[in-house]
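Encoded as structure tokens, the structure appears first; notes follow it.
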Amino acid sequence: MKTILQFSILIFFTSIFAQSNSSLSTKTINDITNFIKEKKEYYNSPNIAVAITDNNKTIYLKHFGNSQKENKYLIGSNAKSFTALITLILQEKGLLNINEPVNKYLKWFKYKNKNISNKITIKNLLQHTSGISTEMGETFLESDKNFDYTKYYSEILRKIEINDLSEQSYRYSNVNYRLLGLIIENVTNKKFNECLNFYITKPMRLNDTSADINTDLIDSYQYFLYKPILKFNKSFHSQETPSGLISSTANDMAIYLRNLMNSYNSNSNTVLNTNTTKQLFTSNQNNKSGYGFGWRIFNDLFYHSGTNKSFESSMYILPSINKAIIVLINSNQAPDSEIINGIASILLNQKFNKTSSFPYYRSLPLVVFIILIIFLFQIRKWMKLKFPINLSRKIIPNLLLITGISLTSYFLFLFPKLNGVSLKTAIQFDPTSSYSIILIVLLIILTFLLTYFNKNTKIIKI
């Protein structure tokens, strides 16, 4: 998950001085356009779609690359904002109550400790305080449409061990919003896609926004080295839609964000109920997560980001200056957060500098190649010595060998965790980097062993 806390603080302390003019000056437009072009070139991004809206209309809409206005992008976890909004609209209409337990709507919803699961509410799902782990939400579901997901969730939820609900803190999990999707379908007797259309896309006239997993998307790519050249073959299951598979365009997303911003600011130019929207942007007061209902909240900044296996996106709402921004990119490892932070900096007339880790991640295949050469050199030496397998009686060589192998192996499992994902998920989202890390670890371990054997040919022969 991308962090923008420092920039959030910047916005909080500078937005009160920013002008809320609806139009953008020619200089501002040029600065934003040049900034995006610079990022696109640096990251070799295939296509970038960007829109900025004020309280009246979309004031900036550009596509960088070969994409067109009608091209649809997956918005990843930004879909959670739609799911949360539908949930609150259903409460507004009296079809559910977010303070009621989940098992009132999903009878099979049970943890190992039923007394705890009986207390988990829809609000807990909305704010990721249900006790469901992040790792559980990283499991991507089968594309087989006949797969029984109700049975699947009923089984894995029973493995959750919680003895005190008060101890549960914020744990972001896709499962929470997949369960919300099931609740929405149960109380409306409609498919999630139909609910999205009926309650949001049709009233807002979002003609290119859909929860249909079979919709025609712009081609998307994953990186090899420094360029996104691996075309991604998309295969999805509808159960993932409420948490991350809604598709849209920059133009539609600008309209969506404008409706939310105007509703929050009690502006009449919206189809949404102000009370519902204000609840949407209310962060959890019981912990420091800053998570509202499908949105992250930091003072006067409402934001979220979305990552699919070959799409990335970020969205901002800055209600105090009547501006909202959306960035859509059709590749993984994309600079969406850098771009949206940079655009906001330009709008606020502030400097924004960010050191990117992009070159390091993308260079990992080259590291594999270098280590492979060292490994082959040790293999050649080992062959010349007629394949000895010898041990040393000295403490230091053995200690160095054990320490090196242990640390390297630990890193293989630690690295994905540092990024908040499992190794399996890391492979799905960035196969080049993930497989490179696996190869680096294995080659280093083998090189350690060969170096050890090659240096101890005259000690103890096995």
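Every number here is computed from the coordinates shown, using simple stated rules; none is lab data. Since the structure is predicted, the reported quantities are computational estimates derived from the model, not experimental observations. Cβ atoms come from the backbone with ideal geometry, glycine included; neighbour counts cover every protein chain shown.
Summary of computed values
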{"read-out": "Karplus 3J(HN,Hα) series, Hz, for region 111-120 with 6.51 cos²θ - 1.76 cosθ + 1.60 (x for Gly, Pro)", "value": "9, 4, 9, 5, 5, 7, 4, 5, 9, 6"}
{"read-out": "Cα-derived Rg over Rh, computed across region 5-356 with Rh taken as Kirkwood radius", "value": "0.96"}
{"read-out": "Under-5 Å amide H pairs with residue 224, H placed in peptide plane, nonlocal only", "value": "229, 230"}
{"read-out": "The chain: relative contact order as a whole-number percent, Cα under 8 Å and 6+ apart", "value": "21"}
{"read-out": "Cβ-defined net charge surrounding residue 54, 10 Å radius [Lys, Arg +1; Asp, Glu -1]", "value": "+3"}
